[in-house]
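Before any comments, here is the structure.
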Amino acid sequence: MKWLTPPSVLAAASAALAIGAAMLILRSPPTQAKPTPEAVADGDREIVWLYPATNSAAWERFVASVRRAGTRLRDDPIDARPEIGAAAFPKETTAVPEVALALPGVGRRLVFRWYKLTSDWKTRDWVEALMRRRPPPLAIVGGSSSDAARELTRQLKDHMGDVAEVDRPLLLLTTATADRVGDTDAGGESHEVDLTKVYPQRTFRFCFTNRQMAKAVMDFLMSQDDLRPDLNPVHMAQWDDDSYSRDLTDGFRQALPPWAGLPNPKRITSSVGSFLAPNRFEAEVVDQVLHDLEQTRQHRPMLAVTGQSTPCRRFLAELVRTSPAQARRLLVATGDAVSFNTVYRDRRVTWPIQELPFPFVFFCHYNPIDADAGFRPEGAAPRETEVGGERDVSTTGTEDILLDGDIVEALARALVRDDKPPADAAELSERIAALRRRHGRVGYDPEGVLMFGDDGNRTVGAGEHVVCLRPRFRGDRILPEATIEVWVGRGSLHAEEPWRRRPVDKDGRETLTVSYEPPVVEEKAGP
């Protein structure tokens, strides 16, 4: 049987394969080591900024917030001195970006460090490393989404035993809005719990919850004669595969006045789809909503869309394409998934007003048009700003600058209260819990509104904002124009005027008039 391979050939082939496999192993990159936090110098208190490595733009805005907070605190007067050098934006991507806020009055520095989340270094790895290091961080800033916050709270809860109770770091959530998240008890049973109670006594949320957002939007609508909707019934669209959408739908349901008709949310199975075309589940629900509208005689029907920005835009555009007449009757409301930048800065790409011709109301956690924080209406002349003294012409919303600034100022004020630093994280937590907001400033003014409730969530009346976008018409024609108003709650829903408009510039204008046509580019004259 000469066709059989001789044993010597098989042995040689096996040896060659073994050598090749060994060479591949030797050439493969080594397994990524566990993350190692930086050392903390005497007199420094570390604040961890725990965000994905792709969030460079958000880090730049955070650094701008530290600079702005230093200016505001120095004039307050807290002798704060921001230290922003080359370490803020290191050339090496593996380096840890760092900025500081020096507080000479108490001989301390707040050092803010961006520890980057990657595919190799996840939240679990960083929390484990940080809780083992001595000293542990004073606080962790994170939770840009509810999913990220849920993971962060769970990891901190699981590693609480690694640190003495008084030294357990604070968790300062940024834009995680979920009211409740899934958790497991000591016996391994799954259940839902308030997000701020997963890591209790140390978690403070600087944004508002889905329930609070829905209540603010409904209170605003019911206070405006020209927007007040007919609530019998309320029309809702919910995306079942999105926990944010489910939670916000519950928030709107609870925010409705007792006399309103029972809402019947239309449930969309999937939020997966393209930028423009609706998926088949969204198209089916559009037909259902239009059928309901045709059966009612509502003067101003309200549609609450509770998904993320792209699914909401797809859904609304399909509704308008299918029945323009019914769509123009609507008042559309949502939470914070649609941002101010979507309808203003990026509006010519992301929010074509002629395809979405109805009043649109959504929530903002902070004022998105704050001139002192850097906002400039399109076409406005540049001027120096608190963001850093630059001559700024930015049309970017200022929500993130103000939220991050509140975090920095809250930590600084808590650290210097009574002219002495807190003994430990437990005392710092007590000082943060006592903070108040008045006239847009964080501090301990007894006439201010408490910033946080006992559960660590923002309190009602501590800075809610809503944005109202109104299209313009000429007869039956939808113009490529709209007005945008930003409203702030006055802190008491029983006040005579519970909401007031924010000025859009230093001249006191209260309305942005915007065009959705491409800007005209002037051609240079020839030689």
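Each reported figure results from applying straightforward, stated rules to the coordinates on display, with no laboratory input. Being a predicted model, the structure only gives us computed values, none of them experimental. Virtual Cβ from ideal backbone geometry, glycine too; neighbours counted across all protein chains shown.
Between the range 262-328 and the range 406-453, the C-alpha centres lie 44 angstrom from each other. Only Cα sites of the range 266-314 enter the Debye sum here, all with the same form factor; the resulting log10 I(q)/I(0) across q = 0.13, 0.26, 0.31 1/Å is -0.33, -1.02, -1.25, listed in q order. Overall shape: oblate for the range 140-210, with the ratio a/c of the largest to smallest alpha carbon gyration tensor axis at 1.5 or above and b/c at least equal to a/b. Screening the chain for whole DSSP H helices with an alpha carbon extent of at least 24 angstrom along the helix axis and a mean Kyte-Doolittle hydropathy of at least -1.0 yields 7-27, 56-74, 399-416. How many lysine pairs in the range 34-189, separated by 8 or more positions in sequence or lying on different chains, have Cα atoms less than 18 Å apart? Step by step, the pairs that qualify in the range 34-189 add up to 4. Annotation note: GluC sites (Glu not before Pro) in the range 402-497 located in DSSP loop regions with a Cβ neighbour count of at most 12 within 10 Å are GLU447, GLU496. Calculate log10 I(q)/I(0) of the range 192-320 for q = 0.09, 0.10, 0.11, 0.12 Å⁻¹, where I(q) comes from the Debye formula with a single equal point scatterer on each Cα and nothing for solvent. Normalising to I(0) and taking log10 leaves -0.29, -0.36, -0.43, -0.51. The range 161-227 and the range 64-122 have Cα centres separated by 26 Å.
Across all directions, the average projected area of the convex hull around the alpha carbons of the range 393-505 is 10.8 nm².
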